[in-house]
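In what follows, a structure is listed as structure tokens, so that the remarks can point back to it.
What follows is calculated from the coordinates using simple rules that are stated; it is not laboratory data. A quick note: this is a predicted structure, and the numbers were derived from the prediction, not measured. Here the Cβ is made from the backbone with ideal geometry for all residues, glycine too, and neighbour counts use every protein chain on show.
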């Protein structure tokens, strides 16, 4: 019976497992994917026969242990003499099938035929092909390109239409309406709004106007503060679009980075911004600064040699050049293997978009105080209402009295005072060239005593400069 070994189970609802016997076994891959997708808690399953890994996305209510047991139970149904349907195929054939390419070899630069097969769009959570373990000739053959003449323009245009631009999907920005509605998302504000509504219905119009005035003033202050921060952050996005030098039809051309497609042959020279994930096919003393991706402060020396380990860290993949890095020395060429959100930095961005920011300390404290006040005042108002009602007082009179008591129990000025104070803090931080998107984060920043981060490329330029000369 094939065995299972967890590889990555740190993210809730997503796990990667090493399956014994899955390597180049298409029948086992199809069996696992089809059977897992029949389970109600499984959202996505991808069995990669090139890596031997199984990637499973599932309902976050389920634990990794239960999913592991489920996979093990399915593996127990596999016959001991399971025949590998793809045991004799080459690594190039396996890579093509995993990555969605049909074989069509480019035999020579002048005879490179127009290719009508193109890369299938990447799927979220798809286990990537370990290009660093494949020979450069295999990579070139798999991607139907040429190591010297690159892609024909017609093929590149077709692949661009198939896969789309080489960009990350823009995260959805907070709308003005969501920012405004978010200012009312608390129990104390809800209680005040309810008190104002009941006051208006029971002829207490003045009380209703006063209460709603406080609530609206608090919302307006928070809305304008957060809207200004959102506008400033959006304005920081650079309008400068990088370019790439690629070889197409045997000639070097300069194209926008978003038009780069898998199979393009990138030319690498000092100062070049790497616009996609690539497999290096030629390297002459080539060094690349990967600090933006790996945090390594020293430029990485690159080679075109094939590496053996599949699970090698990104910083050790010397035959790969990744999107977002910069060439610092030497020269070389590389074949594009992934673009857009299928790149390593694109996968990282997609993972970060799924995370949610925790509540700040002041949010937790104000929420706790507000909830306690609401529950306590609600209980007291209910007791007062029923006592007065059963003693013969009128329904409208007791309702107005209870509402007045509830409104008096909740400090109307607390939300407005807190929002105003935090908004002033945001403004003062802006004077020090620090932008804060949510006003509650100001209080958290004020309590920070120690900051631990990777300095290279984050708070430093990764460059040494002369500050003073002593003679």
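Annotations
- Extended-chain gain in nm, criterion 0.36 nm per residue less alpha-carbon gap, residue 161 and residue 405: 81.3 nm
- Placing pseudo-labels 7 Å out from each Cα toward the beta carbon at residue 228 and residue 72 gives an inter-label distance of 5.9 nm.
- The range 294-337 and the range 4-25 have Cα centres spaced 26 Å apart.
- The range 136-203 - Rg over Rh from alpha carbon coordinates, Kirkwood radius: 1.60
- Look at 34, 46 and count the other Cβ atoms within 10 Å of each Cβ; fewest to most, that gives 34, 46.
- Inter-site label distance for residue 184 and residue 245 at 7 Å from Cα along Cβ, in nm: 5.9
- Stretched out straight at 0.36 nm per residue, the stretch from residue 452 to residue 350 would grow longer than its current Cα-Cα span by 34.4 nm.
- Calculated FRET efficiency for the pair residue 200/residue 11, C-beta based, R₀ 51 Å, to 0.05: 0.55
- The slack in the chain from residue 376 to residue 255, taken as 0.36 nm per residue of separation less the alpha-carbon distance, amounts to 37.0 nm.
- The range 4-75, Rg to Rh (Cα coordinates; Rh as Kirkwood inverse mean 1/r): 0.92
- Taking 7 Å steps out from each Cα toward its Cβ at residue 445 and residue 3 produces label points 5.2 nm apart.
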